[in-house]
Amino acid sequence: VSSGCRGAQGRFAYKLLHDLFANYSSALRPVEDTDRALNVTLQVTLAQIIDMDERNQVLTSYLWVRQTWLDAHLTWDKDEYGGIDSIRIPSSYVWRPDIILYNNADEHFGGSMETNVVLRSDGHIMWDSPAITKSSCKVDVSYFPFDGQRCRLTFGSWTYNGNQIDLRNQLDTGDLTDFVENVEWEVLGMPATRNVITYGCCSEPYPDVTYTLLLRRRASFYIFNLLLPCIMVSFLAPLGFYLPADSGEKVSLGVTVLLALTVFQLLVAESMPPSESVPLIGKYYIATMTMITASTALTIFIMNVHHCGPGARPVPPWARRLILHHMARLCCVYEVGESCKSPQRALGGRAAVGDAGAPGESPGEGQVGTEVRGCPWDHCLCHHDALLRNVGYIAGCFRRHRANQRRTGEWKKVAKVMDRFFMWVFFLMVFLMSVLVLGNAA
């Protein structure tokens with residue numbers, strides 16, 4: 001009995017299909033009154049975000065598009081056809097609204113898949129079709145990688161105006177129940193709005209439904225692969241001031257850090273659109289590279305001060321007071337036997353004592369004169385003029401050598417104090433820049 005019923009249902013379905021499309025044309029708008037608009041309801045389900053191309057500003061997404069309308073020419077009495085209430089037929093058999101994505105960016109301009117439609121006895125048609133769309137999206141990378149994007153999907157009829165097709169959205173938001181989570185983007189919402197626009201070409205209004213996709217970037221990947229390495233490399237730049245000047249690696253360290261940041265900058269520039277707005281991480285890179293360039297230039301200047309030879313002028317009094325006294329105590333730079341908490345000995349005091357004598361006067365020469373007046377002429381060697389001149393010459397060379405050593409040591413200490421001072425200044429600058437970047441991101 002059941003097999004016979006199924007056979008009867010099949011015969012009724014064939015008869016229904018034949019009767020419905022005997023005098024039906026899918027080329028005309030299916031309304032009884034041509035002056036009335038046909039209501040078309042649209043509902044979009046976001047299934048997956050396939051790709052977001054920031055450089056070309058194209059969003060590739062997988063959508064399920066549902067369109068419902070009433071076909072006045074495709075109705076039947078279900079009692080006459082064995083109680084058949086709905087049938088599923090190819091969508092090419094019936095009239096379909098030419099709803100397309102206005103901001104389509106696909107070079108092939110592919111439409112929806114040719115799926116079946118569900119036709120009910122009262123003439124309502126429901127057409128569900130999946131589509132992979134490429135839509136243009138204005139990308140703002142000012143806060144990359146802590147940015148959010150607003151991508152619009154605008155659907156509307158291409159040839160029918162608002163007096164012929166009244167397009168409306170079924171819900172106030174897109175359906176996200178079947179959305180597959182994206183590894184890079186987090187979907188915050190998908191509100192839908194209906195707009196009626198009058199274009200310059202035509203006087204009739206054209207309604208459209210716009211779905212605004214609210215996206216927020218998951219920044220963990222970029223933090224661990226772009227931001228943290230940059231911060232760690234940036235903290236290496238001030239350490240170049242801590243390197244001893246005699247090591248010969250101070251300038252090479254700054255240049256190496258600068259090249260490393262240039263590589264990271266190129267990685268960011270390859271994925272960003274060539275726009276006027278510089279991303280936040282790009283601003284951080286540029287500021288850090290500028291700081292490292294300045295530190296390398298200061299390092300070259302300080303090394304020039306460090307390697308002042310014996311022919312250099314003495315340290316000026318203002319530099320002696322400011323750098324060797326105040327800044328040295330502030331940066332805790334002291335010689336062996338000194339402490340940054342103990343008062344420094346008067347710099348140059350020994351130099352004044354040592355240089356007080358006239359050139360050529362040997363230490364203890366006064367004592368020799370005293371002995372000369374008290375010793376016999378025949379038994380004292382001090383009466384030989386040649387020997388006195390040689391001793392005076394040796395003593396003068398020794399004093400000049402000690403003065404040159406003292407002068408060179410003072411310039412080296414000036415360079416060391418400046419190194420320590422700029423090291424802390426640049427450490428503070430790197431810390432402040434990192435805090436500013438994270439603060440702007442928040």
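Checking the stated criteria, residue 107 turns out to be among the charged types (D, E, K, R), assigned to a loop (DSSP other than H, G, I, E, B) and at negative phi.
The residue that is nearest to the chain's Cα centre (by Cα), counting only those in segment 297-308 that are under 24 Å from residue 260 (Cα atoms) and open to solvent by less than 20 Å² (accessible area, probe 1.4 Å), is 299. Which residues, counting only those in segment 82-104, are part of a strand (DSSP E or B), touching a strand residue (DSSP E or B) at 6+ places or on another chain (Cβ under 6 Å) and polar (S, T, N, Q)? Correct list: 86 only. Find the residue count for segment 26-46, including only residues that are open to solvent by less than 20 Å² (accessible area, probe 1.4 Å) and over 41 Å from the mean Cα position of the chain (by Cα). The number of residues fulfilling the criteria is 3. Can you work out which of the residues in segment 91-110 that are over 20 Å from residue 165 (Cα atoms) and acidic (Asp, Glu) is modelled with the lowest pLDDT? Result: 107. Restricting attention to segment 53-66, does a residue exist that is of a type in the set (A, V, I, L, M) and in contact with a Phe, Trp or Tyr (Cβ under 6 Å, 6 or more places away or on another chain)? Within segment 53-66, none of the residues are of a type in the set (A, V, I, L, M) and in contact with a Phe, Trp or Tyr (Cβ under 6 Å, 6 or more places away or on another chain).
Taking the criterion of being open to solvent by 80 Å² or more (accessible area, probe 1.4 Å), more than 25 Å from residue 54 (Cα to Cα) and in a strand (DSSP E or B), the residues of segment 174-217 that qualify are 194, 196. Would a scan of segment 242-254 turn up a residue that is closer than 28 Å to residue 440 by Cα, assigned to a helix (DSSP H, G or I), outside the structural domain of residue 146 (by the TED database) and among the aliphatic types (A, V, I, L, M)? No, that holds for no residue.
Filter segment 199-224 down to the residues that are polar (S, T, N, Q) and modelled with pLDDT under 85 and list them by number.
203
For segment 114-139, filtering for residues that are open to solvent by less than 80 Å² (accessible area, probe 1.4 Å) and either under 30 Å from residue 281 (Cβ atoms) or part of a strand (DSSP E or B) (or both) leaves 15.
Looking at residue 50, is it of a type in the set (A, V, I, L, M, F, W, C), more than 53 Å from the chain's Cα centre (by Cα), part of a strand (DSSP E or B) and within 26 Å of residue 129 (Cβ to Cβ)? It is false that residue 50 is of a type in the set (A, V, I, L, M, F, W, C), more than 53 Å from the chain's Cα centre (by Cα), part of a strand (DSSP E or B) and within 26 Å of residue 129 (Cβ to Cβ).
Annotation: of all residues in segment 256-277 being open to solvent by 70 Å² or more (accessible area, probe 1.4 Å) and in a helix (DSSP H, G or I), the one that is nearest to residue 414 (Cα to Cα) is 256.
Being farther than 28 Å from residue 49 by Cα, open to solvent by 40 Å² or more (accessible area, probe 1.4 Å), outside any strand (DSSP E or B) and of a type in the set (S, T, N, Q): is that true of residue 234 here? Answer is no for this residue.
Looking at segment 47-61, which of its residues are open to solvent by 40 Å² or more (accessible area, probe 1.4 Å) and closer than 28 Å to residue 166 by Cβ? Before the answer, list the steps.
Of segment 47-61, the ones open to solvent by 40 Å² or more (accessible area, probe 1.4 Å) are 48, 50-51, 53, 55-57.
Within segment 47-61, no residue meets the criteria.
Take residue 88 and decide whether it is of a type in the set (Lys, Arg), at pLDDT below 90 and open to solvent by 70 Å² or more (accessible area, probe 1.4 Å). Steps first, answer last, please.
On the way: of a type in the set (Lys, Arg): yes; at pLDDT below 90: no; open to solvent by 70 Å² or more (accessible area, probe 1.4 Å): yes.
So residue 88 fails the test.
The values are calculated or read from the model by the stated rules, or taken from the named source; none is laboratory data. All figures in this text were calculated on a predicted structure; none of them were measured in a lab. Every residue, glycine among them, receives a Cβ derived from its backbone with ideal geometry; neighbour counts consider all protein chains shown. Surface areas here come from the heavy atoms of the whole protein model, side chains and all, with no ligands, DNA or RNA. Shrake-Rupley method; radii C 1.70, N 1.55, O 1.52, S 1.80 Å.
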